[in-house]
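Reviewing the structure listed below.
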Amino acid sequence: MQNSRARPDFLIIGAAKAATTTLSNMLARHPGACMVRGKEPHFFSTNRYYILGWNGYQQLYSHCQSGQVTGDASTSYSRIRYHPDLFTRLKRHIPDTRIIYMVRNPLERMVSAYAERLASAGLNESFASINQAVKQQPMIIDSSRYREVYDEYTRHFDKKKIKVVWFEEFIKDTDGVFSDLCKFLSIDDSIRIDLNEIKLNTRDDAKSRMKDLGREDFELNTRWDDATRQWVIDQIRDDNLRFLSYFGKPRDYWGNIFD
């Protein structure tokens, strides 16, 4: 029997390049869960998708079965500075949904986001380096303002329905973190997913996609220069330190970034 409710019980909102795709693929293989059809529909955040209508969005869950929890993984849902109608839409359609927010060492996340942009179809950027990318695309930095995003979600959703997942812990103990997430979603937490069956979105994969797009001559320069690195850190320092402190993480959780 198909799920007649056809709406997401949970959202994986980002941050981009913090293993959101891996988690989404794992949940898609859990018998108690069902992920939206298609990758990252961006329905609630992006006008050109939202105007297609709620009924059309619901059809993206037509393959889900009754009793399964349903989810949408769209990293644009954490880019709150760029989508002013996001929360109005979320509260209108899914006011009781659960939120999964994945975070990662902010500088490493930015480097991965830079590589991903070069490997994405439809984009014509050819940034000379990560240093140029963060200066020309402020969204790359803004996606690492974790406390800002978390605080905004807590203004609209019950904190008990918001789960923060730390990339470093997810990589170190994938089964344990996944089991904890299953409890959060009220699905069987004893299920183990074979990661060998999942295509991981890695740096090597980005390079392969760049080649497929005819961008093999683009240089993927991920080395920070000292001045730009410090400029970026200065922008996120207060936000990230407050975020780490709120969750009981030490100042050096992500190394010596904030020394």
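The values are calculated or read from the model by the stated rules, or taken from the named source; none is laboratory data. Note that the coordinates shown come from a computational prediction; the quantities given were computed from them, not determined experimentally. Cβ: placed from backbone, ideal geometry, glycine included. Neighbour counts: every protein chain shown. Surface accessibility is based on the protein's heavy atoms, side chains included, excluding ligands, DNA and RNA. Shrake-Rupley method; radii C 1.70, N 1.55, O 1.52, S 1.80 Å.
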remark   = Output for Cβ contacts, cut-off 7 Å, separation at least six or different chains, first residue more than 24 Å from PHE243 (Cα to Cα) in region 83-102, second outside any loop (DSSP other than H, G, I, E, B), reads ARG89/TYR50; HIS93/TRP54
query = What about TRP224, is it modelled with pLDDT of 95 or more, aromatic (Phe, Trp, Tyr), in a loop (DSSP other than H, G, I, E, B) and closer than 30 Å to GLU148 by Cα?
reply = yes
request  = Please work out which residue is surrounded by the most Cβ atoms within 10 Å (Cβ to Cβ), limiting yourself to region 43-96 and to residues that are among the hydroxyl-bearing types (Ser, Thr, Tyr) and at pLDDT below 95.
outcome  = SER62
request  = Could you grab me the full set of residues in region 97-140 that are among the hydroxyl-bearing types (Ser, Thr, Tyr) and either at pLDDT 90 or above or in contact with a Phe, Trp or Tyr (Cβ under 9 Å, 6 or more places away or on another chain) (or both)?
outcome  = THR97, TYR101, SER112, TYR114, SER126, SER129
key: Residues (part of a helix (DSSP H, G or I) and surrounded by fewer than 18 Cβ atoms within 10 Å (Cβ to Cβ)) located in region 1-28   = ALA28
note = Of the residues in region 169-183, those that are in contact (Cβ under 8 Å) with a residue 24 or more places away in the chain and either in contact with a Gly (Cβ under 8 Å, 6 or more places away or on another chain) or open to solvent by 30 Å² or more (accessible area, probe 1.4 Å) (or both) come to ILE171, CYS182
